[in-house]
1. Looking only at residues in the range 209-243 that are out of contact with any Pro (no Cβ under 9 Å at 6 or more places or on another chain) and part of a loop (DSSP other than H, G, I, E, B), which one is modelled with the lowest pLDDT?
2. For the structure I just gave you, tell me whether Arg179 is at pLDDT below 90 and out of contact with any Ser or Thr (no Cβ under 7 Å at 6 or more places or on another chain).
3. Looking at the range 71-81 only, could you name the residues that are under 18 Å from the mean Cα position of the chain (by Cα) and buried (at least 19 other Cβ atoms within 10 Å of the Cβ)?
4. Return the residue satisfying two criteria in turn: it lies in the range 218-265 and is surrounded by 13 or more Cβ atoms within 10 Å (Cβ to Cβ) and among the aromatic types (Phe, Trp, Tyr), and of such residues it is nearest to Glu116 (Cα to Cα).
5. Here is a list of conditions, (1) in contact with a helix residue (DSSP H, G or I) (Cβ under 6 Å, 6 or more places away or on another chain); (2) aliphatic (A, V, I, L, M); (3) not in a loop (DSSP other than H, G, I, E, B), and Leu91 meets all of them except one; can you say which number that is?
6. Between a residue in the range 255-272 that is among the aromatic types (Phe, Trp, Tyr) and any residue that is modelled with pLDDT of 60 or more and not in a strand (DSSP E or B), which pairs come within a Cβ distance under 6 Å, given they are 6 or more apart or on different chains?
7. Listed residues Ala117, Ala111; which is farther than 21 Å from Asn256 by Cα and either surrounded by fewer than 19 Cβ atoms within 10 Å (Cβ to Cβ) or modelled with pLDDT under 90 (or both)?
Amino acid sequence: MTRLASRSVGAKQLVNEALRRLDNLRYNSTTGEWNYRIEPEGTPQTIDWKRWLGPAPNRLFSAERYFRFRKYWDYSGGIATDLFYHGLAPLVYAMGAQFPIAVSACGGIYAQKDREAPDTYSTVIEYPNFYIDMSGSMANAAANRHHRTAIYGHKGTILFERGQLHVAPEYLGRETESRRRQTPEPRVYELPPVGQLRDARSPHTANFFACVRSRKQPNLPAELGLNVLVAINLGVQAYREGRSKLFDPKTQKIVNKPFPKPTWEGDGKNHTASGD
């Protein structure tokens with residue numbers, strides 16, 4: 001996340017108006033995702049089942065639920081809590097940590113019928129001046145080929161490619177019609193490699209311990225994690241309840257009254273036609 005956000009320092013200025021992000025996470029398999037191996041030595045005699053359940057509803061021991069917990073609502077939010085954090089956190093980091101004002105969600109169990117959490121899930125997360133559209137599926141792996149991750153702003157577009165950021169300007173103002181129809185040539189920024197996946201967390205760990213010693217703020221402070229997880233959790237609630245969830249960033253509570261949306265308040269001039 002750090003390397004992506006560090007290259008997006010100017011993203012807030014580029015896409016600060018009418019921001020829209022499309023983010024797609026996709027997998028596909030014959031057996032279904034999260035069907036992890038059930039170890040035969042995992043039994044009531046070797047697992048402290050009551051302690052593992054914690055505040056979840058009490059039930060008889062289930063090796064299926066223990067090893068494949070991501071499929072069940074009692075212990076997981078499905079695609080949202082497993083995967084969406086990794087896509088949402090870098091953008092919120094770049095745009096400035098903040099809470100959402102409304103979250104909606106949809107999806108369903110379309111292919112993998114052995115679970116409670118949906119195999120296909122989409123959420124729209126609204127902020128005061130932009131919104132984020134995220135989609136994920138365990139039933140089709142082609143999403144990024146046709147529906148790639150991008151940020152669409154009033155002044156430009158940022159396309160996320162593997163190891164690269166493609167930044168293309170928007171033609172504005174008194175551009176000719178032919179120029180507006182042209183596809184702007186993007187500027188390509190190479191992202192520094194992070195090594196193997198097992199090493200991707202090392203920079204965060206090193207930064208955290210350095211901040212313990214220096215008392216400085218880490219790159220990923222707890223407040224940012226809270227901002228992101230509130231948005232993700234509201235999406236899970238919206239899906240399960242079948243209605244949008246409204247949130248007040250000041251009180252940090254779910255509310256019933258929607259937050260005011262961006263609107264035109266006038267420029268102070270009299271635009272009334274003559275004679276009216």
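1. Among those that are out of contact with any Pro (no Cβ under 9 Å at 6 or more places or on another chain) and part of a loop (DSSP other than H, G, I, E, B), it is Leu220.
2. Criteria met by Arg179.
3. Of everything in the range 71-81, those that are under 18 Å from the mean Cα position of the chain (by Cα) and buried (at least 19 other Cβ atoms within 10 Å of the Cβ) turn out to be Ser76, Gly77, Gly78, Ile79, Ala80.
4. Tyr239
5. (1)
6. These pairs meet every condition: Phe259/Ile101.
7. Step by step, each of Ala117, Ala111 is checked, and only Ala111 is farther than 21 Å from Asn256 by Cα and either surrounded by fewer than 19 Cβ atoms within 10 Å (Cβ to Cβ) or modelled with pLDDT under 90 (or both).
Listed here are the residues, each with its yes/no results for (1) at pLDDT 95 or above; (2) more than 19 Å from the chain's Cα centre (by Cα).
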| residue | (1), (2) |
| --- | --- |
| Thr31 | no, yes |
| Ile38 | yes, yes |
| Glu41 | yes, yes |
| Lys50 | yes, yes |
| Leu60 | yes, yes |
| Ala94 | no, no |
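The values are calculated or read from the model by the stated rules, or taken from the named source; none is laboratory data. A quick note: this is a predicted structure, and the numbers were derived from the prediction, not measured. Every residue, glycine among them, receives a Cβ derived from its backbone with ideal geometry; neighbour counts consider all protein chains shown.
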